[in-house]
């Protein structure tokens, strides 16, 4: 082992958002434009938008990418910049975004299986 870090194979982007009251329909319309653009972009695998049942102003957006490089390319693409502007205009400033490595199923299970 060389000790060098390797880029994760697949990644999931998670965004926790708060939509401004009365802007929900605009947000969903703008999100659909972002989603459509992402779906045409190389390396995009899937996208999902969820709304909190406890706090309807809270939304969760996730997207899955085949590599960290793919999401980096999408985030710097002029289409991305143009598409996310209208969506972000519907949001409060207290949004959070994280990029997570997808751990292969079973990779963290080191305990012996019972039965």
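The values are calculated or read from the model by the stated rules, or taken from the named source; none is laboratory data. Note that the coordinates shown come from a computational prediction; the quantities given were computed from them, not determined experimentally. Cβ: placed from backbone, ideal geometry, glycine included. Neighbour counts: every protein chain shown.
A residue that is within 24 Å of residue 104 (Cβ to Cβ) and surrounded by 15 or more Cβ atoms within 10 Å (Cβ to Cβ) cannot be found anywhere in the range 18-35.
Scan the range 51-61 and tell me whether some residue there is farther than 17 Å from residue 95 by Cβ and over 12 Å from the mean Cα position of the chain (by Cα). For the range 51-61, residues farther than 17 Å from residue 95 by Cβ and over 12 Å from the mean Cα position of the chain (by Cα): present. Listed by position, the helices (runs of 4 or more DSSP H) enclosed by the range 10-88 that each have at least 3 residues that are in contact (Cβ under 8 Å) with a residue 24 or more places away in the chain and in contact with a helix residue (DSSP H, G or I) (Cβ under 8 Å, 6 or more places away or on another chain) are 24-39, 78-88. Within the range 92-115, if we keep just the residues that are in contact with a strand residue (DSSP E or B) (Cβ under 7 Å, 6 or more places away or on another chain) and part of a loop (DSSP other than H, G, I, E, B), the residue that is modelled with the highest pLDDT turns out to be 92. Name the single residue that is surrounded by the most Cβ atoms within 10 Å (Cβ to Cβ) among those in the range 62-91 being in contact with a strand residue (DSSP E or B) (Cβ under 8 Å, 6 or more places away or on another chain) and over 15 Å from residue 37 (Cα atoms). Top of the filtered list is 90. Report yes if some residue within the range 92-101 is at negative phi, free of Cβ contacts under 8 Å to residues at least 40 places away in the same chain and surrounded by 10 or more Cβ atoms within 10 Å (Cβ to Cβ); otherwise report no. For the range 92-101, residues at negative phi, free of Cβ contacts under 8 Å to residues at least 40 places away in the same chain and surrounded by 10 or more Cβ atoms within 10 Å (Cβ to Cβ): absent.
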